[in-house]
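Colleague: Got a structure for you, questions after.
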Amino acid sequence: MEVYTLKAIETMNTREHTISESSPAGSLSVPPFKSCARLLILALSFILIIFCFGSLAELAARTRGKPRLDMPALTAENSFLIVYSQLKDAFTTEIEKILASGKTVDFCFYMELCRPRFSFFYPDERIWRETHKHSVQYNPATREYTIVLETLANRETRFTENPEEMMSLVSQIRFQVPQVIKSEFFQEEYYVRMWLTADTKPLPGGFTTRTVNSRRFIPARLLDHDD
């Protein structure tokens, strides 16, 4: 049977207290590589959540009929790049009320031709930009729509009594890209991005669509298929 003196017992208690303070129960040191792995998992989870949220928002916009632009499509005609898109669900209840009152609604389409830089620190290079404006006004007396289609080089006025034809004229967009890409850069990748604003000032009801990007393309391949 072991007998401890009072001094020995105090020494043992002091050691136990020191050990408990330096290594508290339930607190285990985590190796650095495990901490990095946890941070990486958290970062990837955050990115995944943002991606899913954006996809759900886009799906909800389509379900609710929120105004939006179709993804731009590209082709080549007579050695020029042509960009097509279409405005969907633009004629909201507010827009229809404004037109019924005889006010003009301006739809401005913006398009940019860009070259990716493949660098986190530098934004993509904007090669060219242009704006087209489609204006529409309804005359309650004659029950006729006046549609004005404006580009930098042309202005065209159309008249129709058919609402479906009016919507089609306003919603269809076509850009002809000038020859701003030098031939030595035809093998590089480019893309176009588009967005639209609807101006109903001074009345409420205007909106701006989300920016949509085309798929990346190589001009040489498009122009090779130009008839």
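Colleague: For a quick check of your reading of the model, give me the residue pairs whose first member lies in the range 173-195 and is assigned by TED's automatic domain parsing to the domain that holds A220, whose second is surrounded by 15 or more Cβ atoms within 10 Å (Cβ to Cβ) and assigned to a loop (DSSP other than H, G, I, E, B), with beta-carbon atoms closer than 6 Å and at least 6 apart or on different chains.
Modeller: Pairs found: Y191/S214; V192/P72; V192/S214; M194/P72; W195/T209.
Colleague: While we're here: Which pairs turn up if I take residues in the range 200-221 that are under 16 Å from T93 (Cα atoms) and acidic (D, E) and look for partners that are part of a loop (DSSP other than H, G, I, E, B) and modelled with pLDDT of 90 or more with beta carbon separation below 6 Å, at least 6 apart in sequence or on another chain?
Modeller: Close Cβ pairs (under 6 Å, with a partner that is part of a loop (DSSP other than H, G, I, E, B) and modelled with pLDDT of 90 or more) do not exist here.
Colleague: So which residues in the range 73-110 are in contact with a helix residue (DSSP H, G or I) (Cβ under 7 Å, 6 or more places away or on another chain) and assigned to a loop (DSSP other than H, G, I, E, B)?
Modeller: S79, A90, F91
Colleague: Let me ask another. Is it the case, given these coordinates, that D124 is at positive phi and modelled with pLDDT under 95?
Modeller: Here the answer is no, as D124 does not meet what is asked.
Colleague: Shifting gears a bit: Taking the condition under 28 Å from the mean Cα position of the chain (by Cα), closer than 30 Å to R215 by Cα, surrounded by fewer than 16 Cβ atoms within 10 Å (Cβ to Cβ) and assigned by TED's automatic domain parsing to the domain that holds R174, does F107 pass?
Modeller: no
Colleague: Another question, if that's okay. Of all residues in the range 218-227, count the ones that are modelled with pLDDT of 90 or more and either part of a loop (DSSP other than H, G, I, E, B) or surrounded by fewer than 16 Cβ atoms within 10 Å (Cβ to Cβ) (or both).
Modeller: The number of residues fulfilling the criteria is 3.
Colleague: Is it the case that some residue within the range 146-155 is among the charged types (D, E, K, R) and either without any contact (Cβ under 8 Å) to a residue 40 or more places away in the chain or surrounded by 16 or more Cβ atoms within 10 Å (Cβ to Cβ) (or both)?
Modeller: Within the range 146-155 (the criterion being among the charged types (D, E, K, R) and either without any contact (Cβ under 8 Å) to a residue 40 or more places away in the chain or surrounded by 16 or more Cβ atoms within 10 Å (Cβ to Cβ) (or both)), the answer is yes, since at least one residue qualifies.
The values are calculated or read from the model by the stated rules, or taken from the named source; none is laboratory data. Bear in mind that the values here come from a model prediction, so they are computed numbers and not experimental data. Positions of Cβ are generated from backbone atoms using ideal geometry, with glycine treated the same way; all protein chains shown enter the neighbour counts.
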